[in-house]
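Inspection log for the structure reproduced underneath, given as structure tokens.
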Amino acid sequence: MSDRVSCGVLRAADEGREVELNGWVNRRRDHGGLIFVDVRDHEGVTQVVFDPQHPSFAEAEHLRNEDVLRVRGAVRRRPAGTENPRLTTGDVEVAVERLEILNRSRVPPFPINVDESVDENLRLEYRYLDLRRPRMQENLRVRHRVVKAIRDFFDSRGFLEIETPLLIKSTPEGARDYLVPSRLYPGSFYALPQSPQLLKQILMIAGFGRYMQIARCMRDEDQRADRQPEFTQLDVELSFCSQDDVLEVMESCMRYVWRTALGIEVPAFPRLTHQEAIAKYGLDKPDLRFALELADVTSTFAGSDFAVFRSVVESGGAIVALRYPGGAALSRREFDALTETAKQYGAKGMVWIALSGDGAKSPVSKFLNEGSVNAACRVVAAETGDALLLFADTRELAYAVAGKMRNEVGERCKLRDPNAFAFAWVTDFPYLEIDEATGKPIPAHHPFTSPAPGDWELIESAPLKMRAQHYDMVLNGYELGSGSIRNHKPDDQRRIFEMLGLTAEQVEERFGFFMRALDYGAPPHGGMALGIDRIVMIACGEENLREVTAFPKNQVARDLMMDAPAPVDEQLVRDLHLTLKPGSPA
Ligand code: ASP
């Protein structure tokens, strides 16, 4: 009898064992009269050898990559000098006694056995082949370990995983809902959840003090590299909790995940207020893998002869300085390219000053007073050999551009430690932000967020100054997710809706069910959600979510393997009481 083993386990100590291997042909080589086949399964690769005397030799000669095999034979040591240290099974091979070809494969449209770059749309069309590649197998293994660690952690802390429905009422959360037309109720629609936000709050009202869920969410948004129409979120809610309680549990979870799933100890997360994050790093998701900090040099240049600076200062804007380590060595062309990048980020321009050994050089040096330049250099600790970059604009824009340019400088100067995981908390967000599309104030998080306790009084006089009990977890310059302490008193929730301009009828129509639940003794509660896809993407060192998702949509929201979305049978459309516009494919 032979033992069925996986293709990743055989070692020198297994010499003499009779084994059975099942897998795919990873590679076939005909060599010195012998045929060598690397057999691959989900655990690894093992070399099997066909002897010319063997009856299945002729069959083996016709094996092609990705054919499916079962082989039986004896494990033997590879001859000295032919071991393969790159394979865990590289000390041994299996001398084939029996070959069974379980299935044949057509020639794959791209190689599976080498990690070479392949057009992404082709990879997505043949995802089952793409997923056979070691990198994708490893990424999905990491994903499994991360999710398992999350569940273990929350279980150990007394949280229940509770599923919430996918067919719900449309409760917009900042993005567009996917809608599902109802067959039974003509003209009515279910919405797919953008998140289980209101349901998890209702679970708190229902007395489940600690909820978590690995939740699927859908948002019908324009696609970006780090977005997918459907994604997975770690969704958490606690009752009778403070903001610190939520931060503690989420931070402990992530440190546990990194320790158990990735074998990495991460230190306690630094905490920054939103204001500090902007002042030091220009962005609310700072990349803390490098220390470079921005500085406000508005007052330093207050009396400047340089018209741009003068008018920015006079109109209440800001001048923000960034050090470019070693930047004095850049050519004028390189500075021009850098200025172009700043313009792409929304800047009107950028002033650069190269701090060369023989003095400061800049296209605008004749307008700049030496004392101001020296003072600006001092605040950002710029020295001879560095360059100083200055961004002058409205306060908001000057910081936003400087923050993005800080990342740019971090990248160009290789300031980021590629192996570092720099987590951080950003807290005390402003309650409102201005919606770019409409110019109107909208909640920076969502309207169920509670304002900072002392800030309620600003709700009428200066709502834009109101801060929220809203916090974000940040990792390596990405936002992993957000959360907040919620409004648990119905009157507070009503005041927020009122501030946002919703009439009582609109509140009833959209959120009536939720307002009624708040009326029945809702406990104080708060929570958070983190993007699992993004966490795994960063943990795997990948740069896009599709690399850690088994069956993602492409960049224009299509599933290329199944070919979705797709027209459906006309009758199905009629059953849903819908009519397609003439000319639409049915
Ligand atoms: N529902 C929120 C989101 O998906 C997270 C939260 O507030 O818990 O971003």
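The values are calculated or read from the model by the stated rules, or taken from the named source; none is laboratory data. None of these values were measured; they are calculated from a predicted model. Glycine also receives a Cβ, built like all others from the backbone with ideal geometry; neighbour counts cover every protein chain displayed.
Conditions tested, residue by residue: (1) hydrophobic (A, V, I, L, M, F, W, C); (2) within 14 Å of the ligand (Cβ to nearest atom).
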residue: 434; (1), (2): yes, no
residue: 437; (1), (2): yes, no
residue: 443; (1), (2): no, yes
residue: 453; (1), (2): no, no
residue: 464; (1), (2): yes, no
Review point. How about the range 421-450: which of its residues are modelled with pLDDT under 95, part of a loop (DSSP other than H, G, I, E, B) and farther than 21 Å from residue 489 by Cα?
Key: 435, 436, 437, 438, 439, 440
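This table checks each residue for (1) closer than 18 Å to residue 174 by Cα; (2) surrounded by fewer than 18 Cβ atoms within 10 Å (Cβ to Cβ).
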| residue | (1), (2) |
| --- | --- |
| 200 | yes, no |
| 205 | no, no |
| 212 | no, no |
| 217 | yes, no |
| 227 | yes, no |
| 232 | yes, no |
| 235 | yes, no |
| 240 | no, yes |
Check your understanding: Which one of the conditions (1) within 15 Å of the ligand (Cβ to nearest atom); (2) more than 27 Å from residue 550 (Cα to Cα) does residue 218 fail to meet, given that it meets all the rest?
Key -> (2)
Point to revise | Filter pass, residue 117 being among the small types (Gly, Ala, Ser) and free of Cβ contacts under 8 Å to residues at least 24 places away in the same chain | key: yes
Point to revise | Index of the failed condition, residue 85 passing every other in (1) in a strand (DSSP E or B); (2) more than 21 Å from residue 3 (Cα to Cα); (3) not hydrophobic (A, V, I, L, M, F, W, C) | key: (1)
Study note, to complete from the structure: Among (1) among the small types (Gly, Ala, Ser); (2) out of contact with any strand residue (DSSP E or B) (no Cβ under 9 Å at 6 or more places or on another chain); (3) at negative phi, residue 263 falls short only on (3)
Practice item. Quickly run through the range 520-531 and pick out the residues that are touching a Leu at 6+ places or on another chain (Cβ under 7 Å) and either more than 12 Å from the ligand (Cβ to nearest atom) or farther than 20 Å from residue 210 by Cβ (or both). Key: 531
Check your understanding: Given the structure, is residue 417 surrounded by fewer than 21 Cβ atoms within 10 Å (Cβ to Cβ), within 16 Å of the ligand (Cβ to nearest atom) and either of a type outside the set (Ser, Thr, Tyr) or within 27 Å of residue 348 (Cα to Cα) (or both)?
Key -> no
Review point. Within the range 470-507, which residues are farther than 17 Å from residue 522 by Cα, away from the ligand (no atom under 11 Å from the Cβ) and not aliphatic (A, V, I, L, M)?
Key: 476, 477, 478, 497, 498, 501, 503, 505, 506
Review point. Which ones in the range 237-257 are more than 16 Å from the ligand (Cβ to nearest atom) and of a type in the set (Val, Ile, Thr)?
Key: 257
Exercise for review: Return yes when residue 67 is over 22 Å from residue 1 (Cα atoms) and touching an Asp or Glu at 6+ places or on another chain (Cβ under 7 Å) and no when it is not.
Suggested key: no
Review point. If you scan the range 451-478, which residues turn out to be part of a strand (DSSP E or B), farther than 18 Å from residue 501 by Cβ and in contact with a strand residue (DSSP E or B) (Cβ under 8 Å, 6 or more places away or on another chain)?
Key: 467, 470, 471, 472, 473, 474, 475
Revision key, fill the gap. Scanning the range 519-533 for residues that are in contact with a His (Cβ under 8 Å, 6 or more places away or on another chain) and either surrounded by 23 or more Cβ atoms within 10 Å (Cβ to Cβ) or more than 17 Å from residue 237 (Cβ to Cβ) (or both) gives 525
Check your understanding: Taking interchain pairs and intrachain pairs at least six residues apart, which have beta carbon atoms under 6 angstrom, with the first residue in the range 13-32 and touching a residue at least 40 places away in the same chain (Cβ under 8 Å) and the second of a type in the set (A, V, I, L, M) and not in a strand (DSSP E or B)?
Key -> 25/63
Review point. Do the conditions hold for residue 228, that is, is it within 11 Å of the ligand (Cβ to nearest atom) and not hydrophobic (A, V, I, L, M, F, W, C)?
Key: no
Check your understanding: Of the conditions (1) aliphatic (A, V, I, L, M); (2) crowded, with 17+ Cβ neighbours inside 10 Å; (3) at pLDDT 95 or above, residue 308 fails just one. Which one is it?
Key -> (3)
Review point. Among the residues of the range 7-55, which ones are among the polar types (S, T, N, Q) and touching a strand residue (DSSP E or B) at 6+ places or on another chain (Cβ under 6 Å)?
Key: 22, 26, 46, 47
Check your understanding: Can you tell me which of 436, 498, 508 is surrounded by fewer than 17 Cβ atoms within 10 Å (Cβ to Cβ) and within 31 Å of the chain's Cα centre (by Cα)?
Key -> 436
Check your understanding: If we keep just the residues of the range 321-371 that are touching a helix residue (DSSP H, G or I) at 6+ places or on another chain (Cβ under 7 Å) and of a type in the set (Val, Ile, Thr), which is farthest from residue 387 (Cα to Cα)?
Key -> 341
Exercise for review: Take the range 147-197 and flag every residue that is within 16 Å of the ligand (Cβ to nearest atom) and basic (Lys, Arg).
Suggested key: 169, 176
Exercise for review: Considering only the range 543-580, state which residues are acidic (Asp, Glu), modelled with pLDDT of 95 or more and either touching a strand residue (DSSP E or B) at 6+ places or on another chain (Cβ under 6 Å) or closer than 15 Å to residue 135 by Cα (or both).
Suggested key: 547
Study note, to complete from the structure: Across (1) within 25 Å of residue 148 (Cβ to Cβ); (2) in contact (Cβ under 8 Å) with a residue 40 or more places away in the chain; (3) within 13 Å of the ligand (Cβ to nearest atom), residue 204 clears everything bar (1)
Review point. In the range 258-268, is there at least one residue being touching a residue at least 12 places away in the same chain (Cβ under 8 Å), within 16 Å of the ligand (Cβ to nearest atom) and either crowded, with 16+ Cβ neighbours inside 10 Å or within 30 Å of residue 376 (Cβ to Cβ) (or both)?
Key: no
